[in-house]
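Here's the structure, in structure tokens; my notes come after.
The values are calculated or read from the model by the stated rules, or taken from the named source; none is laboratory data. Here the structure is a predicted model, which is why all the values come from computation and not from measurement. FYI the Cβ positions are ideal-geometry reconstructions off the backbone, even for glycines, and counts take in every protein chain you see.
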Amino acid sequence: MPKELNFLSQLTGSFSQSAAGNPTVAMIEAAYRHHGLDWRYINCEVTPEKLGDAVRGARAMDWAGFNCSLPHKVTVIEHLDGLGESAAIMRAVNCAVRRGDRYIGENTDGKGFLLSLAGIVDPRGKRVVLFGAGGAARAIGVELALAGARAILVVNRTAERGMEIVRVINDNTPAKAELTTWQREYKVHPETDIVINATSIGLYPRVHDRLDLDIESLKPGMVVADVIPNPPRTHFVKDAEARGCTTVDGLGMLVNQGVIGIKYWTDVDVDPSAMRQKLEEIYREE
Ligand code: NDP
């Protein structure tokens, strides 16, 4: 009996500028293949002027959704039909999801980070030190606060940016956020449970840059996480390991963003290991 043929894959993708260095396509396609899903993920270079056309194109082609990265995380909102809870608080979207005939904006940055802590530490009632106040820090701070973290101390070089995150957390969640501007050789308070680098310090090619931190202030009971995916083993991660802390690298956040995005689009729970393996191949240190 001839079988019915179907050459029409489901489509997803990413809009950003510049797109060439973004490994998400390799990671997501690895998961689609691993699970035998007839889905595609297309990495697209999209300028700010063309973002509206790109979203209209996705609608016309009935994409199940798309990621958007820099510089579109805020401006994409005007092209969408609604926002999820944390995206509405952050006013930033990195994942659009087709629900019925609407595209809803979600933010998986912080959710991916949260999922990377699963089985390691539950943020409920915890005290957090968060280095940085950019988009990654904002997403992580909001999600930790929504997940029940008790206190979040934002440590940032520039006070103005730091205050913005503190305001967003205090106005929208039950957590208590405060700001400290970065002093030399910053000392982490011994009662801190979770310490996070959400700055860009240590990102390739400046892999030898270090946080201005008194490493001795990291204690063995602390969970120490870095958002830097490239290289995964930053000085911060290595120093924390040497101090006996439990560490979480930036690949965890990236992989779990993939897990969450794919769940939104396909409703399939994917195995993160195929994605992690693909990223490890990509980021393997020579
Ligand atoms: P932004 O440029 O918005 O923010 C950068 C932050 O780093 C700011 O708080 C900035 O401080 C701080 N910073 C940079 N250099 C220094 C320095 N020398 N000393 C002190 N502070 C410094 O970046 P994003 O928030 O978008 O991204 C931050 C990092 O997170 C990037 O490296 C990115 O690769 C990573 N990331 C990882 C993801 C993952 O899935 N693993 C997902 C998203 C991001 P100031 O405000 O004073 O300028």
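Residue count for region 228-251 satisfying the condition of being under 12 Å from Leu203 (Cβ atoms), without any contact (Cβ under 8 Å) to a residue 40 or more places away in the chain and assigned to a loop (DSSP other than H, G, I, E, B): 2.
Within region 113-170, the set of residues being of a type in the set (Val, Ile, Thr), within 15 Å of the ligand (Cβ to nearest atom) and more than 12 Å from Met90 (Cβ to Cβ) comprises Val129, Ile152, Val154, Val155, Thr158, Val166.
Of all the residues that make up region 171-206, how many are under 20 Å from the mean Cα position of the chain (by Cα) and among the β-branched types (Val, Ile, Thr)? Counting residues in region 171-206 that are under 20 Å from the mean Cα position of the chain (by Cα) and among the β-branched types (Val, Ile, Thr) gives 6. The set of residues from region 211-235 being within 12 Å of the ligand (Cβ to nearest atom) and either surrounded by 15 or more Cβ atoms within 10 Å (Cβ to Cβ) or modelled with pLDDT under 95 (or both) comprises Leu211, Leu213, Ala225, Asp226, Val227, Ile228, Pro229, Asn230, Pro231, Pro232, Thr234. You will find that of Thr192, Thr199, the residue that is more than 9 Å from the ligand (Cβ to nearest atom), in the same structural domain as Gly134 (by TED's automatic domain parsing) and part of a loop (DSSP other than H, G, I, E, B) is Thr192 and no other.
For region 171-184, taking the residues that are touching a residue at least 12 places away in the same chain (Cβ under 8 Å) and within 13 Å of the ligand (Cβ to nearest atom), the one that is surrounded by the fewest Cβ atoms within 10 Å (Cβ to Cβ) is identified as Arg184.
Considering only residues in region 42-57 that are out of contact with any strand residue (DSSP E or B) (no Cβ under 6 Å at 6 or more places or on another chain) and not in a helix (DSSP H, G or I), the one that is farthest from Ala31 (Cα to Cα) turns out to be Thr47. Looking only at region 248-259, decide whether some residue is surrounded by fewer than 20 Cβ atoms within 10 Å (Cβ to Cβ) and out of contact with any helix residue (DSSP H, G or I) (no Cβ under 7 Å at 6 or more places or on another chain). The answer is no; no qualifying residue exists. Return a yes/no flag: does region 128-135 have any residue that is part of a helix (DSSP H, G or I) and outside the structural domain of Ile28 (by TED's automatic domain parsing). For region 128-135, residues part of a helix (DSSP H, G or I) and outside the structural domain of Ile28 (by TED's automatic domain parsing): present. Taking region 211-227 as the range and being in a loop (DSSP other than H, G, I, E, B) and hydrophobic (A, V, I, L, M, F, W, C) as the test, the residues that pass are Leu211, Leu218, Met222, Val227. His208 passes all but one of (1) part of a loop (DSSP other than H, G, I, E, B); (2) surrounded by 15 or more Cβ atoms within 10 Å (Cβ to Cβ); which number fails? His208 satisfies every listed condition except (2).
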